[in-house]
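Have a look at the structure below before the remarks.
The values are calculated or read from the model by the stated rules, or taken from the named source; none is laboratory data. Predicted model only: the values in this text are computed from it and were never measured. When we count neighbours, we look across all protein chains shown, and the Cβ atoms used for this are built from the backbone with ideal geometry, even at glycine. For the accessible areas, the whole protein counts, side chains as well, though only heavy atoms, and no ligand, DNA or RNA atoms are used. Shrake-Rupley method; radii C 1.70, N 1.55, O 1.52, S 1.80 Å.
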Amino acid sequence: NFLQTNLVVNEWKYSAILPPLLFGLLAFLLRLYHLDDKSIWLDEAFTSYHSTLSAYELWTQPVTSKPPLFYLITSLFWSPGDTAFLLRLPVAILGAISVTVSWYLGRALAGSRGAFVLALFVLLSDVNIFYSQEARHYMLLSVGWLLLMLSLVRLVKSSTNLNKPCHSDLFLMAAGVLIMVHSHPVAVHYLLASGIAYFFVLFTQRGYGRRFIYQPLIVVLLAGLTILPWLPSGLESASANFNWLKQPDVTRALLEYLMLFGNSNLAFLSGKRVALAVGLFLAILSVAGILFWLLRRDRRTGTLLLILSILPPVLIWVTGLVEPVYMLRTIMPSHLIAMLGLALAVTALRPELLRVFGILSISAVLVSSSYGYFSHYKKEAWADLSAQLESIGSAGMAVLICEAYLYHPLFFYLGEKMPVVIDLNHRRQRVRIRQSSVDEWHSYVIQPGDAPPDTIHVIGRYGRCAGRMEWDLFAVTGYQ
């Protein structure tokens with residue numbers, strides 16, 4: 001008996017710990033590749049700024065419309081003056097964790113074969129790699145949703161032979177919900193979709209215990225309520241921010257949805273038409289995999305996955321009719337369901353040779369698209385711009401920006417070498433100046449006898465700065 005127990009323990013260690021850890025390690029190494037090769041973009045500069053604030057400020061002051069958790073995690077790795085590598089290191093770790101948890105999700109759903117294939121696809125997914133190299137909240141949100149989906153699959157499967165949920169499943173659910181609500185406001189859409197899918201599956205089957213209804217509901221409510229202390233300051237910050245986003249039409253939304261299937265950067269290598277055709281094929285294959293699972297393997301978990309694959313993007317898009325929020329990064333967690341559908345599709349193939357061919361073919365597409373991201377994708381060129389400003393810096397130089405937030409990406413790279421910065425906001429009829437990185441913004445008023453800077457470099461973004469900035473500055477300063 002003792003020997004038999006040791007064999008079982010050793011087998012469990014190998015099958016449930018070693019493979020997911022190896023997948024996570026491989027994913028981490030891949031996501032470290034050229035981690036700081038591309039310049040940070042504006043939103044990542046916001047992350048660097050907010051990560052310098054204290055937990056008290058983030059929780060009580062209207063400084064950001066995003067929950068504080070990601071900024072607090074980032075502050076453990078990055079400090080002002082550090083490189084983009086350290087700023088992005090937390091999301092690279094989270095990306096590796098998402099691959100590890102994907103292995104467990106695949107195993108809970110389709111056994112060891114499903115675990116290996118799903119972990120492989122998430123490991124190679126260009127969407128996962130992209131957001132594992134961007135210092136924003138979306139990978140943290142994805143990890144939370146993975147934990148929640150894992151708990152839902154386990155709960156649905158156990159609801160027919162147990163009279164109450166396992167404590168471990170409720171713990172996974174609590175952890176997932178906690179991470180989600182403290183990651184991003186769009187978590188509400190994923191939680192709503194998950195709740196609809198879970199209760200729909202329960203109510204359409206027979207023999208489930210009542211504890212499978214009220215215990216998960218209590219867990220979700222208690223975990224969700226932890227964000228309430230931050231909500232007043234978060235809502236105040238959101239109401240003060242200028243939202244320039246536009247709600248995409250249905251065609252644009254569908255195109256962005258297709259990018260979740262691992263083909264978004266394939267256009268760099270083969271053109272947009274080929275990338276679109278491949279994306280459409282992968283989307284059909286993924287849906288077919290989920291439908292096959294629903295009709296031939298497990299109706300309950302198949303129904304759960306089908307609802308989870310459709311409802312979150314739809315809810316986010318419908319919300320966008322009121323407040324534009326739909327874009328690739330807000331629907332990005334759904335790429336996990338897309339990869340899961342592909343994994344179910346290829347594992348359903350009967351001949352071993354055909355199954356291997358399917359896995360290799362999809363992996364080749366994912367690798368090609370990820371290569372397109374590493375080799376061709378460009379972010380905003382704040383690093384190069386900052387280097388140019390530093391090389392031509394002079395005592396009489398100033399930088400003119402049209403929104404104060406453009407200060408942050410320059411400060412990320414220049415730090416104490418920041419030149420004089422003038423903020424000319426035409427929309428708010430405001431002109432301010434910041435003399436150095438340790439100074440605060442002050443109203444820009446030229447006193448009699450004073451003169452403006454000798455050279456003013458105008459820096460805009462996406463052409464949104466007013467074309468008459470020079471005339472606006474002349475109207476304020478009296479100098480041309």
Given Cβ charges of +1 for Lys and Arg and -1 for Asp and Glu, the option among 191, 92, 133 whose Cα lies farthest towards the positive end of the dipole of the range 81-229 is 191
Mean 1/r over distinct Cα pairs of the range 21-66, inverted to a Kirkwood Rh in Å, yields 13.2
The size of the Cβ-based charge dipole (Lys, Arg +1; Asp, Glu -1) of the range 184-256 about the Cα centre, to the nearest 20 debye, is 380
Simple spin-label estimate for residue 416/residue 192, 7 Å along Cα→Cβ, in nm, reads 5.0
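What's the whole-number percent of alpha carbon pairs in the chain lying beyond 32 angstrom?
For the chain, the share of Cα pairs beyond 32 Å comes to 46 percent.
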To the nearest 10 degrees, the tilt of helix 84-124 (Cα long axis) against the first principal axis of the alpha carbons of the chain is 20
Computed for the chain: size of charge dipole around the Cα centre, +1 on C-beta of each Lys and Arg, -1 on C-beta of each Asp and Glu, debye to nearest 20, value 2260
What the Cα atoms of the range 1-141 span along the principal axes, largest first and in whole Å, is 60, 31, 25
Amide H proximity to residue 458 below 5 Å, modelled H, separation 5+ or other chain, gives 400
Using a 1.4 Å probe on heavy atoms of the protein chains only, the accessible area for residue 436 in Å², nearest 10, reads 40
Relative contact order of the range 141-285 (C-alpha contacts under 8 Å, at least 6 apart) in percent is 22
The range 147-241: Kirkwood hydrodynamic radius (Cα pairs, Å) comes out at 14.1
The rounded separation in angstrom of the Cα centers of the range 22-41 and the range 148-214 is 32
For the range 55-180, the dipole about the Cα centre with charges only on Cβ (Lys and Arg +1, Asp and Glu -1), to the nearest 20 debye, works out at 460
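Which order do 440, 256 take when ranked by solvent-accessible area (1.4 Å probe, heavy atoms of all protein chains), largest first?
Numbers: 440 120, 256 20 Å².
My answer, sorted largest first, is 440, 256.
Starting from the alpha-carbon convex hull of the range 70-148, give the projected area averaged over all orientations, in nm². Before the final figure, lay out the partial values.
Working: hull surface 20.1 nm².
Averaged projected hull area, Cα only: 5.0 nm².
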Projected onto the charge dipole of the range 372-435 (unit charges on the beta-carbon of Lys, Arg, Asp and Glu, signs +1, +1, -1, -1), the Cα from 406, 387, 426 with the largest positive-side position is that of 426
Farthest towards the positive end of the dipole of the chain, among 149, 123, 45 and with Cβ unit charges of +1 on Lys and Arg and -1 on Asp and Glu, lies the Cα of 149
Relative to the chain, whose Cα atoms define the longest principal axis, helix 382-391 and its Cα axis are tilted in degrees, nearest 10, by 30
Among beta bridges assigned by DSSP with both residues in the chain, the antiparallel ones amount in percent, to the nearest 5, to 45
Once amide hydrogens are built 1.01 Å from N within the peptide plane, the residues lying 5 or more places from residue 420 or on another chain with amide H under 5 Å from its amide H are 399
What the Cα atoms of the range 340-443 span along the principal axes, largest first and in whole Å, is 73, 32, 21
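Please state the shape class of the range 74-229: rounded when a/c is under 1.5, otherwise prolate if a/b exceeds b/c and oblate if not, all from the C-alpha gyration tensor. Spell out each step's value before the answer.
Details: a/c = 2.73, a/b = 1.58, b/c = 1.73.
Oblate, because a/c is 1.5 or more while a/b does not exceed b/c.
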Reported to the nearest 10 Å², residue 430 has, with a 1.4 Å probe, an accessible area equal to 60
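So for 402, 166, what's the accessible-area order with a 1.4 Å probe, most first? List each step's numbers first, then the result.
On the way: 402 20, 166 50 Å².
The ordering from most to least exposed comes out as 166, 402.
Quote to one decimal, in nm, the extra length available between residue 21 and residue 292 on full extension: 0.36 nm per residue of separation minus the C-alpha distance between them. Present the calculation step by step, with values, prior to reporting the outcome.
Working: separation 271, 0.36 × 271 = 97.56 nm, distance 2.95 nm.
Here the segment from residue 21 to residue 292 would lengthen by 94.6 nm.
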Of 92-100, 407-415, ordering from highest average Cβ density within 10 Å down gives 92-100, 407-415
The range 92-196: relative contact order from alpha carbon pairs under 8 Å, six or more residues apart, as a whole percent, is 26
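For the range 101-225, with every protein chain kept in place, what is the accessible area per residue (1.4 Å probe, Å²)?
Values: 4400 Å² over 125 residues.
Accessible area per residue: 35 Å².
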Residue-ordered couplings for the range 264-278, obtained by feeding phi - 60° into the Karplus form 6.51 cos²θ - 1.76 cosθ + 1.60 and rounding to whole Hz (Gly and Pro as x), are 4, 9, 5, 4, 5, 9, 10, x, 5, 5, 5, 4, 5, 5, 5
Ranking 259, 327, 173 from most to least accessible area with a 1.4 Å probe gives 259, 327, 173
Diffing the range 37-43: the Karplus 3J(HN,Hα) column from phi (6.51, -1.76, 1.60, θ = phi - 60°), in whole Hz with x for Gly and Pro, holds 5, 9, 4, 5, 10, 4, 5
For residue 457, the accessible surface traced by a 1.4 Å probe with all protein chains present amounts, in square angstrom to the nearest 10, to 50
The distance between the Cα centres of the range 301-367 and the range 245-280, in whole Å, is 14
Only helices counted: for the chain, with every DSSP H run of 4 or more residues adding -39500 (n - 2.57) and the sum spread over all residues, [θ] at 222 nm is -20000 deg cm²/dmol
Note: probe point = Cα of residue 323 + 7 Å toward Cβ; backbone nitrogen < 16 Å; residues of the range 23-53 passing the test are none
To the nearest 10 degrees, the tilt of helix 231-240 (Cα long axis) against the first principal axis of the alpha carbons of the chain is 50
Quick calc: nm separation of the 7 Å Cα→Cβ label points for residue 270 and residue 441 -> 4.7
